[in-house]
1. According to the square roots a ≥ b ≥ c of the eigenvalues of the Cα gyration tensor, what is the shape class of the range 228-367, taking rounded for a/c under 1.5, prolate for a/b larger than b/c otherwise, and oblate for the remainder?
2. Could you calculate the FRET efficiency of Glu294 with Glu190 from 1/(1 + (r/R0)^6), where r is the beta carbon distance between them and R0 is 30 Å, rounded to 0.05?
3. Can you give the alpha-carbon Rg of the chain over 2.2 N^0.38 Å, where N counts its residues?
4. Taking +1 at the Cβ of each Lys and Arg and -1 at the Cβ of each Asp and Glu, which of Met210, Phe129, Thr452 sits farthest along the dipole of the chain towards its positive end, judged by Cα position relative to the Cα centre?
5. Using a 10 Å cut-off on Cβ atoms, rank the peptides 266-275, 159-168 from the highest mean neighbour count down.
6. Hey, what number do you get for the chain at 222 nm if only DSSP H runs of n ≥ 4 count, each worth -39500 (n - 2.57), divided across all residues, to the nearest 500?
7. What is the local net charge at Arg120, summed over the other residues whose Cβ is closer than 12 Å to its Cβ (Lys, Arg +1; Asp, Glu -1)?
8. Counting Lys +1, Arg +1, Asp -1, Glu -1, what net charge surrounds Arg345 among other residues with beta carbon under 12 Å of its beta carbon?
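The values are calculated or read from the model by the stated rules, or taken from the named source; none is laboratory data. Note that this is a predicted model, so its numbers are computed, not measured. Reconstructed Cβ throughout: ideal geometry from the backbone, glycine too, with neighbour counts over all protein chains shown. Calculation scope for accessible area: heavy atoms of the full protein, side chains included, ligands and nucleic acids excluded. Shrake-Rupley method; radii C 1.70, N 1.55, O 1.52, S 1.80 Å.
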Amino acid sequence: MATEDRDACPHDEGEQPSVGAGNFEISDRAEQIIQRHGEALKDGRLPAKVYNDEEIHQAELRRIFGQNWVFIGHETEIPEPGDYSQRYIGKDPFIFVRGEDDEIRVLFDSCTHHGSKLCRAEQGNSSHFRCPYHGWTFKNTGDLAGIPLKHQAFDNLDPSEWGMSAAPRVENYKGMVFASLAEDGPSLEEYLGDFKWYLDIHLDIAKGGMEVIGEPHRWRADSDWKSGSDNFSADSYHTGVAHRSVFEVGFGSEEISGTAGQETQRHVTHIDSGSTSLRLLKPEDEIYFGYPKEYVDTSKLSDAQADVAAACGAATATVFPNLSFIHLAATNDPDKDLDGFLSLRQWQPAGPGEMEAWSWVLAPAAASDEYKQRAYDVALGTFSPSGNFEQDDFAVWDGIADAAGSVYAEQSNFEMNYQMGLEQASSASIDEDFQGPGVAWDTNLEEGTCRTFHGNWHKAMSGEDVGMSYPEDHL
Ligand code: FES
Ligand code: FE
């Protein structure tokens with residue numbers, strides 16, 4: 001295959017991805033799996049083992065989720081002082097809370113006395129968290145406010161030393177709150193890098209911004225978290241096959257959602273911590289992900305961003321490690337027109353080959369209550385645990401985790417093919433006229449988006465850049 005050379009790419013400034021790597025010690029066996037992963041990925045092959053292995057799972061929690069920015073929630077989920085919701089970084093429990101001082105915090109959900117979990121409700125509003133074990137009580141700012149029998153039992157204890165712990169770093173990008181367990185590292189904006197160009201389209205397209213509707217859906221699956229990140233980063237080669245029945249009953253538009261080989265698609269890869277797929281019609285079609293015109297406002301977007309928004313009926317994306325997006329015009333009723341919604345999805349690692357999926361529905365904040373309900377219903381019918389598209393995806397992802405956890409896959413070093421778009425492997429070519437950052441391909445017959453995700457995984461797990469780039473005949 002052609003030599004991979006990031007610096008040679010005309011759309012890439014040669015900067016290294018901002019994804020951070022941890023140095024948690026792991027066994028020689030696990031190190032070998034990771035090393036083989038890097039070697040294979042350069043040739044567009046992926047060892048299945050990484051999708052279901054206890055040691056890899058434990059290393060991911062520390063080297064990936066313990067080091068990088070992880071999505072916590074959207075600020076519109078906790079609009080009032082005292083609003084809180086349980087959240088996770090990897091498998092670690094945190095409380096996403098707006099304090100009485102209106103500051104948003106991400107507090108470690110463990111009592112500083114003997115460690116019991118403080119928060120027993122998924123979400124709610126409370127001025128304090130009272131420990132169910134011995135009754136220590138903390139303000140929603142994390143400060144220790146009360147200790148039963150303090151003067152008899154802890155006369156010399158200084159409450160200011162025993163407040164709740166918090167995630168070391170918390171940052172907010174246009175309402176999206178992320179936290180990092182790493183004390184140091186790139187800022188959230190540095191981490192998102194050029195991906196912000198695409199994120200801004202999703203977040204700034206509507207008057208008054210976007211707001212979360214209802215609670216996030218949550219469900220467990222026997223699928224690895226990487227299947228979600230990989231798929232949304234973006235595999236639209238599967239759409240016409242795995243989701244065939246959805247199109248046949250009229251719940252989606254193939255033209256908008258995309259099928260293999262469709263030339264209205266742009267796959268954009270190497271965007272710092274992310275990659276994306278955009279299904280672009282003509283800008284004059286002004287589809288804006290299916291939103292009624294009265295809710296659309298492109299005044300915060302550049303002309304190039306506004307053109308993409310106007311032409312885009314569907315977009316998926318992944319920000320490393322486990323936050324994905326789908327912005328889609330769809331319906332839950334073949335007799336109704338397509339309507340738009342944005343879903344944020346998070347693929348939480350729950351065990352080797354197991355995940356807990358989370359999905360938030362967002363709609364324009366300025367939309368009518370009727371439209372917000374409609375957007376929620378459309379999301380429920382398409383991308384939710386009961387959604388037609390969603391169930392199709394999980395039905396196939398479960399099989400990947402099964403195969404990856406098999407003795408055969410381990411003994412034979414079973415590898416999967418991720419070569420589409422490498423060398424002469426597909427007809428996809430770079431769209432030099434595309435205005436956005438990253439490398440844009442002119443069809444979806446290209447898996448650089450997925451290889452970017454797996455390259456970021458390798459960088460986080462090993463500290464080494466695989467150096468995925470493009471064959472010379474595409475430069
Ligand atoms: Fe919380 Fe004892 S563990 S009060
Ligand atoms: Fe799908």
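1. Working: a/c = 1.44, a/b = 1.24, b/c = 1.16.
In terms of gyration-tensor shape, rounded.
2. Details: r = 36 Å, r/R0 = 1.21.
Computed FRET efficiency for Glu294 and Glu190 comes out at 0.25.
3. Details: Rg = 22.6 Å, N = 475, 2.2 N^0.38 = 22.9 Å.
With N residues counted in the chain, Rg over 2.2 N^0.38 Å equals 0.99.
4. Of the options given, the answer is Phe129.
5. Numbers: 266-275: 27.6, 159-168: 15.1.
Result, highest mean Cβ count within 10 Å first: 266-275, 159-168.
6. Values: 14 runs with 120 residues, N = 475.
Value at 222 nm, helices only: -7000 deg cm²/dmol.
7. Summing Lys and Arg as +1 and Asp and Glu as -1 gives 0.
8. Numbers: positive: Arg218; negative: Glu356, Glu390, Asp393.
So the environment of Arg345 carries a net charge of -2.
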